[in-house]
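The values are calculated or read from the model by the stated rules, or taken from the named source; none is laboratory data. The shown structure was predicted, so the numbers you read here are calculated from the model rather than taken from an experiment. For neighbour counting, all protein chains shown are included, and Cβ atoms are generated from backbone atoms with ideal geometry for every residue, glycine included.
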Amino acid sequence: MLHCMTSEPEQQLGVGTQDAFQRLWTPHRMAYIQGENKPTGPGAGDGCPFCSIPAKSDEDGLVVRRGEQVYAVLNLYPYNGGHLMVVPYRHVADYTDLTDEETAELATLTKQAMTALRTASGAHGFNIGMNQGTVAGAGIAAHLHQHIVPRWGGDTNFMPVVGHTRVLPQLLADTRKMLAEAWPTA
């Protein structure tokens with residue numbers, strides 16, 4: 001059983017009909033749901049978070065590794081613990097618009113991210129990909145970013161399906177530090 005859970009129903013004031021369900025409140029998700037910190041337009045100066053992150057410290061921006069052309073950053077709204085994104089510094093929307101140097105470094109940091117995630121957390125597999133355009137599911141379509149989502153056997157459970165909630169066992173700052181320390185040097 002989870003900590004503080006009982007087999008007896010608790011009175012749930014203010015949540016509708018009393019039932020035996022425990023509530024996992026995730027108020028931080030409202031920022032994502034309501035579109036907080038999303039760009040106001042397609043330009044680099046329209047509040048793009050991927051353009052502003054590089055100016056922050058690694059800790060404040062959740063940056064795990066900085067390259068010459070791209071950087072690796074934790075996803076603020078992760079699908080799984082350790083969910084990273086590799087992002088070009090340059091504000092570009094389409095993969096075909098990357099320079100050869102950006103493309104090569106994006107591939108290199110993706111490989112290094114996989115190595116770091118295996119070392120730090122024993123990831124069994126990965127979902128890696130890009131959502132190109134809003135219709136393809138890109139939350140921030142104007143600035144290209146590649147997702148690296150670590151996966152483990154048995155990591156799929158009822159929470160995302162029924163509760164539309166992800167359960168992350170570690171604070172993002174702790175995950176960032178752990179992955180930065182596990183990042184390969186070459």
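Points worth noting:
- Among the residues making up the stretch 86-103, those that are of a type outside the set (Val, Ile, Thr) and in contact with a Phe, Trp or Tyr (Cβ under 8 Å, 6 or more places away or on another chain) are TYR89, HIS91.
Yes/no per residue for (1) of a type in the set (S, T, N, Q); (2) modelled with pLDDT of 80 or more; (3) touching a Phe, Trp or Tyr at 6+ places or on another chain (Cβ under 6 Å); (4) in a strand (DSSP E or B):
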site: ILE128; (1), (2), (3), (4): no, yes, no, yes
site: GLN132; (1), (2), (3), (4): yes, yes, no, no
site: ILE140; (1), (2), (3), (4): no, yes, no, no
site: VAL161; (1), (2), (3), (4): no, no, no, no
site: MET178; (1), (2), (3), (4): no, yes, no, no
site: PRO184; (1), (2), (3), (4): no, yes, no, no
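Residues checked against (1) free of Cβ contacts under 8 Å to residues at least 40 places away in the same chain; (2) under 20 Å from PRO39 (Cα atoms):
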| position | (1), (2) |
| --- | --- |
| VAL73 | yes, yes |
| VAL86 | no, yes |
| TYR89 | yes, yes |
| LEU109 | no, no |
